[in-house]
Each structure stands twice: as C-alpha cells, then as structure tokens.
Amino acid sequence: RRVLFRSQAGAQWTPLVVDMASHTPWIQGAAERFARHLAAQSLDDPVCRLATNAAGLVRRQDAVRHALARQLDHTVAWDECQDALLQARVGAVLEIGAGSALSRQLTRREPALPVRALDDFRSLAAVQQWLRRWGGD
C-alpha cells in the first residue's frame, strides 16, 4: 500500500482497496432496497437477543428488520456493541456473517466468554451442537 498523505503530527492516509463501500452512506440505496425486501418477509421474533451494530441488542422481528437494513450503510460501532453484550452478561456469542474478525476481537477482550463465528464451523450440525452446549440468552 502506498501512503497518500502524512501529517506533521504523524497521521497518515492510505487508500484502501475494497469491493464495496460497506457501512458507509455510499450504499444507502442498497440499504433502502434491502429494507423493503425485509419488510416483505415473514420473520419470527428471534429466540435470543441479537447484537446489532445499528440498534444494540434486539429481540423483536421489527427491530431485527430495522437493524439489519440500517447497519449496511452506517459505521460499525463494534466497541459499543461489545460493551452492550458484556453489560447484558450474555453467556455466549455467535458471530453471524462473513468472517470471524469481530468474534476474535471479542475473545481478546473477554477470553473467558465462549465466542465463535459461523465461519469457525464445518457444518450446521456443529453449529447446533455448540449452541446446545452454550445456549440460553
């Protein structure tokens, strides 16, 4: 990577190569289309609280719809999300989505908390087994 600019205070700016401007206003149109798509889907309330970037911990399907669409075009506030999880004294955390970066960060912060990502598992049966072991809210 090539440094684009360095300030006298030591800050530097480097262009990032990304496929999509996720979590930025640049994809607001996609977030709005996704919100309309979610509104047309039949969803049950989650069986446990879901930690979201956009709405904190949610447990009702209308809040899930709102949070899923909103977090597409809003900055990730992972520190606040981690704080909410820890303040709620959750028993375990399963990261849903691509990758495992967030679950690794939470594990470094709270090593005793059972934390995994979907990408850690090879099968749905393995995910279900982990959830049965650490289930609850």
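Tabulated data for the structure shown
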quantity: The chain - charge dipole about Cα centre, Lys and Arg +1 at Cβ, Asp and Glu -1, debye rounded to 20; calculated: 300
quantity: 3J(HN,Hα) from dihedral phi, region 87-103, Karplus parametrisation 6.51/-1.76/1.60, rounded to Hz, x for glycine, proline; calculated: 5, 7, 6, 5, x, 6, 9, 10, 7, 10, x, 6, x, 9, 4, 5, 5
quantity: Loop trypsin sites (Lys or Arg not before Pro), region 75-124 (other Cβ atoms within 10 Å of the site Cβ: 13 or fewer; DSSP); calculated: Arg89, Arg122
quantity: Cα-based radius of gyration of region 79-137 once divided by 2.2 N^0.38 Å, which approximates compact folds; calculated: 1.08
quantity: Using θ = phi - 60° and Karplus 6.51 cos²θ - 1.76 cosθ + 1.60, couplings along region 26-35 (whole Hz; Gly, Pro as x); calculated: 4, 10, 4, x, 5, 5, 5, 5, 5, 4
quantity: Average Cα contact separation per residue, the chain, under 8 Å, 6 or more apart, as relative contact order %; calculated: 18
quantity: Protection proxy ranking, peptides 70-77, 22-29, average beta carbon neighbours within 10 Å, highest first; calculated: 70-77, 22-29
quantity: Distribution of pairwise C-alpha distances over region 1-103, 5 Å bins, in %; calculated: 2, 11, 16, 19, 18, 13, 9, 6, 4, 2, 0
quantity: Hz values of 3J(HN,Hα) by residue in region 10-16 - Karplus curve (6.51, -1.76, 1.60), Gly and Pro given as x; calculated: x, 6, 9, 10, 10, x, 9
quantity: Sequence-separation-based contact order of region 1-64, relative, with Cα cut under 8 Å and 6+ spacing, percent; calculated: 17
quantity: Amide H within-cut-off set for Val93, under 5 Å, with H built and near neighbours excluded; calculated: Val115, Arg116
quantity: Beta bridges per DSSP with both ends in region 1-120, % antiparallel, nearest 5; calculated: 60
quantity: Residue among Trp78, Ala54, Val18 farthest towards the positive dipole end of region 15-85, charges placed on Cβ; calculated: Ala54
quantity: Distance (nanometres) between label positions extended 7 Å along Cα→Cβ at Trp78 and Ser100; calculated: 1.4
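Computed from the coordinates by the stated procedures, all read-outs in this text should not be read as laboratory data. Please read all numbers here as calculations on a predicted model, not as lab measurements. We place every Cβ from the backbone using ideal geometry, glycine too, and count neighbours over all the protein chains shown.
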